[in-house]
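Engineer: Okay, handing you the structure first.
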Amino acid sequence: MKATKKDSCGQQEIQTTTSTLSPANHWDHILARWAVNREGHRVEPGLYALGNPTAESPVFVTANYTLSFDALRSALKGIEGFILVLDTKGINVWCAAGKGTFGTDELVNRIEATRLSEVVSHRNVILPQLGAPGVAGFEVTKRSHFKVEYGPVRAQDLPKYLKSHTATPEMRRVHFTFKDRLTLIPVEFVSVLLPLIILLLIGSKGTVAAILAGTVLLPMLLPWIPTHDLSTKGFILGGVLALPFAMAAFLKDPASALWLRSAWALVYALLIPPITAFLALNFTGSTTFTSRTGVRREMFAYIPTMAWMFGVGLLLNIAVIFIH
Amino acid sequence: MFNAYKTNTLQYDPSLCTGCGICADVCPHGAFEMKGKLAYLIKAQDCMECGACQLNCPFNAIQVESGVGCASAMIRAALLGQKESSCSCG
C-alpha cells in the first residue's frame with residue numbers, strides 16, 4: 001500500500017485513476033475470488049480523479065476493496081468524475097455497510113478530509129444502493145451539506161442511470177444468478193480444503209462427496225432444489241447423493257450377513273445428508289436474501305436433526321467396523 | 001412445509017410516512033412500493049433485515065432488527081460466547 005500523500009496544509013492530494021483494468025488488476029481479482037490474502041485487496045482511501053473531471057463532475061463513493069473500486073471505475077468508461085474511496089478495511093460495499101464501516105461517520109469524515117466541498121461546486125454524492133444499510137442519507141446531509149443519492153445496485157448500470165439519475169426497479173434489485181453463485185464456489189471450496197484433504201487421506205469417499213456437494217453442487221443447483229430453507233435443500237441434496245453410496249455398500253459383498261450390509265448402507269444414509277445440510281446452512285451468509293430472523297429459525301429447526309443423524313451415523317460406523 | 005423465512009422483524013407505520021420514497025429506493029428486494037405520496041409494504045416476506053430502509057427513513061416510520069443472516073457467524077458467536085454476531089467475510 002502506498003503512503004497517503006499530503007500537501008503542506010495536510011490536505012490529501014487527489015490521486016488519478018483510469019477506467020481500464022490492467023492484467024495485474026485481473027490477477028488480483030482471481031486471488032480475491034480464491035480467498036488468497038482476503039483482507040489484503042485494498043485501495044488507498046481518499047479522492048480519485050477519473051479522466052479529467054471539472055468542478056461540476058459527479059462524485060461516486062465506493063469501498064476500498066479492489067473488486068468494488070475496480071467494478072466502479074471500469075463501469076465508468078468515457079465518464080469524467082471523482083471517486084471517493086471510503087476506508088472499509090478492504091471489505092466490499094454491502095458487507096461493510098452491514099458492519100457500519102461503509103457508514104455515515106466515515107462518509108462525513110472522508111468528505112471533510114478530502115475537502116470535497118472545495119473540489120466540486122455541487123453538493124451531491126452518488127452512493128451504491130447497497131451502501132444504504134450503513135449510511136443514513138439525511139444524516140449525511142445534515143452534517144456535511146452533501147446530498148446522498150443512491151445509484152443502482154450494480155456499477156455496470158451507472159452509465160444508463162446517469163442519463164436521468166433515476167434507477168429502474170430492475171436496477172434496484174439484488175439477484176443471485178447462476179454466474180453470481182459460480183463466482184462464490186472457490187471461496188466455499190477453499191474454506192473446506194483442510195478437512196477435505198484429511199478425509200481424502202483417510203479414504204472416506206462418502207464424506208468427501210458430501211463436502212463437495214455442500215460447497216460446489218449446492219451453490220450451483222440452489223434455486224432448483226425444492227423447499228425454501230437452505231438446510232432442507234442440503235438434506236435433499238445429501239439424501240440423493242447418499243443413495244448410490246448406500247446401494248453400493250449394500251451390494252458390495254453379497255456373501256456377508258444381510259444385517260451387516262444394511263448397517264453399512266445406513267451409515268451412508270445417516271452421515272452424508274447432515275454434512276451437506278450443515279454446509280448448506282452455512283451458505284446462508286453468502287446468499288443475497290437470508291434474514292437474521294430466518295437463519296436463526298433455521299438453526300433451531302434443523303441443527304438438532306443434523307447432530308442426531310451425524311452422531312448416530314458415526315456410532316453405527318464405529319460399531320460395524322468393530323464387528324467386521 | 002416449514003419455511004423459516006416466513007416471518008421477520010420488519011414493521012412499518014404508514015401514518016408516519018411522508019412519501020419521500022427513500023425506502024422503495026434502498027430496498028434490494030422491492031419490499032416497498034410508492035403509490036402516490038405513500039409507501040406501501042407490498043412484500044414484507046422478502047425482507048432480509050438489512051436495515052437500509054429504517055436507517056434512511058427520516059421519520060422513523062420503519063422498525064427492523066437488522067443483522068446479518070449468516071449461520072456461520074451466529075454459530076461462531078455462540079461458540080465464542082459473543083452477544084452480537086457480525087460477519088467476518090470480505
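Engineer: Kindly establish whether residue A:199 is within 30 Å of residue A:104 (Cβ to Cβ) and more than 24 Å from the chain's Cα centre (by Cα). Can you show your working first?
Structural biologist: Working: within 30 Å of residue A:104 (Cβ to Cβ): no; more than 24 Å from the chain's Cα centre (by Cα): yes.
So residue A:199 fails the test.
Engineer: Which one of these is on the phi < 0 side of the Ramachandran plot and surrounded by fewer than 17 Cβ atoms within 10 Å (Cβ to Cβ): A:219, A:223? Working first, answer last.
Structural biologist: Working: A:219 fails: surrounded by fewer than 17 Cβ atoms within 10 Å (Cβ to Cβ).
None of the others qualify; the one that does is A:223.
Engineer: Is there any pair with a first residue in region A:116-140 that is away from chain B (no Cβ under 11 Å) and under 12 Å from residue A:151 (Cβ atoms) and a second that is in a loop (DSSP other than H, G, I, E, B) and of a type in the set (Gly, Ala, Ser) whose Cβ atoms are under 9 Å apart and which are 6 or more apart or on different chains, and what are they?
Structural biologist: As it stands, the answer is A:126/A:151, since those pairs meet every condition given.
Engineer: Answer with yes or no whether residue A:195 is over 30 Å from residue A:54 (Cα atoms) and either in contact with an Asp or Glu (Cβ under 9 Å, 6 or more places away or on another chain) or within 13 Å of chain B (Cβ to nearest Cβ) (or both). Can you show your working first?
Structural biologist: Numbers: over 30 Å from residue A:54 (Cα atoms): yes; either in contact with an Asp or Glu (Cβ under 9 Å, 6 or more places away or on another chain) or within 13 Å of chain B (Cβ to nearest Cβ) (or both): no.
For residue A:195, the condition - over 30 Å from residue A:54 (Cα atoms) and either in contact with an Asp or Glu (Cβ under 9 Å, 6 or more places away or on another chain) or within 13 Å of chain B (Cβ to nearest Cβ) (or both) - is not met.
Engineer: Report yes if residue B:17 is within 21 Å of residue A:150 (Cβ to Cβ) and within 10 Å of the chain's Cα centre (by Cα), otherwise no.
Structural biologist: Values: within 21 Å of residue A:150 (Cβ to Cβ): yes; within 10 Å of the chain's Cα centre (by Cα): no.
Criteria not met by residue B:17.
Engineer: Counting just the residues of region A:21-40 that are within 11 Å of chain B (Cβ to nearest Cβ) and touching a Leu at 6+ places or on another chain (Cβ under 7 Å), which one comes out farthest from residue A:182 (Cα to Cα)?
Structural biologist: By that ranking, first place goes to A:37.
Engineer: Just to verify a result, which residue in region A:142-166, among those that are over 30 Å from the mean Cα position of the chain (by Cα) and hydroxyl-bearing (Ser, Thr, Tyr), is surrounded by the most Cβ atoms within 10 Å (Cβ to Cβ)?
Structural biologist: A:144
Engineer: Follow-up. Can you find a residue that is more than 19 Å from residue A:19 (Cα to Cα), among the β-branched types (Val, Ile, Thr) and surrounded by fewer than 20 Cβ atoms within 10 Å (Cβ to Cβ) anywhere in region A:73-81? Can you show your working first?
Structural biologist: First, the residues of region A:73-81 that are more than 19 Å from residue A:19 (Cα to Cα): none.
No.
Engineer: What residue, among those in region B:1-47 that are without any contact (Cβ under 8 Å) to a residue 24 or more places away in the chain and of a type in the set (A, V, I, L, M, F, W, C), is nearest to the other protein chains (Cβ to nearest Cβ)?
Structural biologist: B:4
Engineer: Looking at region B:65-84, which of the residues that are outside any helix (DSSP H, G or I) and buried (at least 23 other Cβ atoms within 10 Å of the Cβ) is farthest from the other protein chains (Cβ to nearest Cβ)? Even if it seems obvious, please write down each step before you answer.
Structural biologist: Of the residues in region B:65-84, the ones outside any helix (DSSP H, G or I) are B:65-70, B:81-84.
Still in the running and buried (at least 23 other Cβ atoms within 10 Å of the Cβ): B:67-70.
On the way: B:67: 4, B:68: 6, B:69: 4, B:70: 3 Å.
Result: B:68.
Engineer: Just checking, how many residues over region A:160-177 are out of contact with any helix residue (DSSP H, G or I) (no Cβ under 7 Å at 6 or more places or on another chain) and either touching a residue at least 12 places away in the same chain (Cβ under 8 Å) or β-branched (Val, Ile, Thr) (or both)? Spell out how you get there, then give the answer.
Structural biologist: Residues of region A:160-177 out of contact with any helix residue (DSSP H, G or I) (no Cβ under 7 Å at 6 or more places or on another chain): A:160, A:162-166, A:168-170, A:173-177.
Applying the additional criterion that residues be either touching a residue at least 12 places away in the same chain (Cβ under 8 Å) or β-branched (Val, Ile, Thr) (or both) yields A:162, A:165-166, A:168, A:173-177.
Number of matching residues: 9.
Engineer: Can you work out which of the residues in region A:238-272 that are closer than 28 Å to residue A:184 by Cβ and free of Cβ contacts under 8 Å to residues at least 40 places away in the same chain is surrounded by the fewest Cβ atoms within 10 Å (Cβ to Cβ)?
Structural biologist: A:244
Engineer: Now a separate question. Which ones in region A:73-121 are touching a Ser or Thr at 6+ places or on another chain (Cβ under 6 Å), assigned to a helix (DSSP H, G or I) and of a type in the set (Val, Ile, Thr)?
Structural biologist: Residues satisfying the conditions are A:93, A:108, A:111.
Read-outs throughout are calculated quantities, based only on the coordinates presented, and are distinct from any laboratory measurement. These numbers come from a predicted model, not from an experiment. Positions of Cβ are backbone-derived with ideal geometry, glycine not excepted, and every protein chain shown enters the neighbour counts.
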